[in-house]
Amino acid sequence: MSSEALERDYVLPSGSVARYQRDGHILLRGVADNSILAEYRPAIADFVKRKSVNAKPLDERDAYHKSFLQVANLWEEDETVRRFVLASRFGRIAAELMAVPAVRLYHDQALFKEPGGSATAWHQDQYYWPLDTNDCITMWMPFVDVPVEMGVLTFASGSHTEGSLLSAAISEESDQGFDDIVRERKFPIAYAPMQAGDATFHSGWTVHRAPANNTQAMREVMTVIYFADGTYLLEPDNPHRPADLARWFPNQKPGELAGGPLTPIVYSSGH
Ligand SMILES: O=C(O)CCC(=O)C(=O)O
């Protein structure tokens, strides 16, 4: 039943594409219905729990690992999660917002911010990605209602139009540096409380952060990242991009078309 729901198209509210392209992010309501949440929330939560059994207590972690429990590419290991991550319903939204005919999966990540988990520093995702395109997008979907004080995703609207604004990995340095840039450039800050099954989509260059989780409940969030089919791989030009190249594109080289068994086409308008 819910797997069928994953194959049904989501109709974008009118004006969504223009808004996404102007702001670099958009909040869409009800992207996953209750049947989808009921099937996939437990599978993803169990997976994160299994992978996090050895996580240190919050106060013994470094600054980055205080922000969330992070588990990547669940779809490789779990058949149920695979259906969720490769769903054409989500891939189609990504393609339509970016106005491209087809998208590939880049990778997925569960980002569970624990009660008391600290803020996620300002950053740009694409700093990490050796992809020669501006057409990268992340779906960020909570499986629980997320009030602002639980750590809702927060965007600097319009910041994606300028490409790389600061060469910095997510850290206290990126937080301070982007904070200054956001203020100087007067990018409007956008965030809103979300309900389970709502999703935000943001561009790879959109500057974003999330506040701390000041509630007693886990912020359960699943993300899926896509890029436009037809994208070429870049020569890694910072200390972080070689690891992404090796992890997501094994056996591929800079200059080649990005795409292999780990980065399948998730949606194509031609099919
Ligand atoms: O979930 C968070 O706190 C941060 C998420 C994020 O930065 C992303 O999905 O790109």
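What are the residues in the stretch 187-214 that are open to solvent by less than 20 Å² (accessible area, probe 1.4 Å), away from the ligand (no atom under 12 Å from the Cβ) and not acidic (Asp, Glu), if any? Full working, then the answer.
Step one: filter the stretch 187-214 for residues open to solvent by less than 20 Å² (accessible area, probe 1.4 Å), giving 194, 197-204, 206-208, 210, 213.
Now drop any that are not away from the ligand (no atom under 12 Å from the Cβ), which leaves 197-198.
Within the stretch 187-214, Gly197 is the sole residue that qualifies.
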| Within the stretch 163-213, tally of residues that are among the charged types (D, E, K, R) and under 12 Å from Thr120 (Cα atoms) | 3
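Identify, please: which residue in the stretch 215-237 is assigned to a loop (DSSP other than H, G, I, E, B) and under 20 Å from Gln70 (Cβ atoms) and is, among those, nearest to the ligand (Cβ to nearest atom)?
First, pick out the residues of the stretch 215-237 that are assigned to a loop (DSSP other than H, G, I, E, B): 215-218, 220, 229-231, 234-237.
From what is left, the residues that are under 20 Å from Gln70 (Cβ atoms) are 215, 217-218, 220.
On the way: Thr215: 14, Ala217: 15, Met218: 12, Glu220: 11 Å.
Within the stretch 215-237, the match that is nearest to the ligand (Cβ to nearest atom) is Glu220.
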| field | Pairs where the first residue, in the stretch 229-247, is on the phi < 0 side of the Ramachandran plot and among the β-branched types (Val, Ile, Thr) and the second is open to solvent by less than 50 Å² (accessible area, probe 1.4 Å) and assigned to a loop (DSSP other than H, G, I, E, B), C-beta under 6 Å, 6+ apart | value | Thr231/Thr133; Thr231/Ala258
| request: Please name all residue pairs, on different chains or six or more residues apart, with Cβ atoms under 6 Å, provided the first residue is in the stretch 173-191 and is under 10 Å from Ser159 (Cβ atoms) and the second residue is surrounded by 12 or more Cβ atoms within 10 Å (Cβ to Cβ) and of a type in the set (Phe, Trp, Tyr). | output: Phe178/Trp122
| task | Considering only the stretch 102-129, state which residues are among the β-branched types (Val, Ile, Thr) and closer than 23 Å to Gln216 by Cβ. | result | Thr120
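Please verify whether the stretch 258-270 includes one or more residues that are within 14 Å of the ligand (Cβ to nearest atom) and at pLDDT 95 or above. Please lay out each step first, then the result.
Within the stretch 258-270, the first condition is being within 14 Å of the ligand (Cβ to nearest atom), and the residues that meet it are none.
Looking through the stretch 258-270, none of the residues is within 14 Å of the ligand (Cβ to nearest atom) and at pLDDT 95 or above.
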| In the stretch 33-45, how many are part of a helix (DSSP H, G or I) and open to solvent by 50 Å² or more (accessible area, probe 1.4 Å)? | 5
| field | Among (1) within 25 Å of Leu233 (Cβ to Cβ); (2) within 15 Å of the ligand (Cβ to nearest atom) - the single one Ser164 does not satisfy | value | (2)
| the stretch 149-161 - residue that is open to solvent by 10 Å² or more (accessible area, probe 1.4 Å) and part of a loop (DSSP other than H, G, I, E, B) and, of those, farthest from the ligand (Cβ to nearest atom) | Gly158
| field | Some residue of the stretch 72-92 being part of a loop (DSSP other than H, G, I, E, B), surrounded by fewer than 18 Cβ atoms within 10 Å (Cβ to Cβ), touching a helix residue (DSSP H, G or I) at 6+ places or on another chain (Cβ under 7 Å) and not hydrophobic (A, V, I, L, M, F, W, C) | value | yes
| note | Exactly one of Glu172, Glu114 is farther than 21 Å from Pro193 by Cα, more than 13 Å from the chain's Cα centre (by Cα) and open to solvent by 10 Å² or more (accessible area, probe 1.4 Å), and that one is Glu172
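Mind checking whether some residue in the stretch 11-32 is part of a helix (DSSP H, G or I) and farther than 17 Å from Phe201 by Cβ?
We begin by selecting, within the stretch 11-32, every residue part of a helix (DSSP H, G or I); these are 16-23.
So of that shortlist, the ones also farther than 17 Å from Phe201 by Cβ come out as none.
Checked against the condition, which is being part of a helix (DSSP H, G or I) and farther than 17 Å from Phe201 by Cβ, the stretch 11-32 yields no hits at all.
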| said: Looking only at the stretch 99-148, how many residues end up being assigned to a loop (DSSP other than H, G, I, E, B), of a type in the set (Asp, Glu) and either within 10 Å of the ligand (Cβ to nearest atom) or in contact with a helix residue (DSSP H, G or I) (Cβ under 7 Å, 6 or more places away or on another chain) (or both)? | reply: 2
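The values are calculated or read from the model by the stated rules, or taken from the named source; none is laboratory data. Only a predicted model underlies this, so the values are computations on that prediction, with no experimental measurement involved. Using ideal geometry, Cβ is built from the backbone for each residue, glycine included, and neighbour counts are taken over all protein chains shown. Surface accessibility is based on the protein's heavy atoms, side chains included, excluding ligands, DNA and RNA. Shrake-Rupley method; radii C 1.70, N 1.55, O 1.52, S 1.80 Å.
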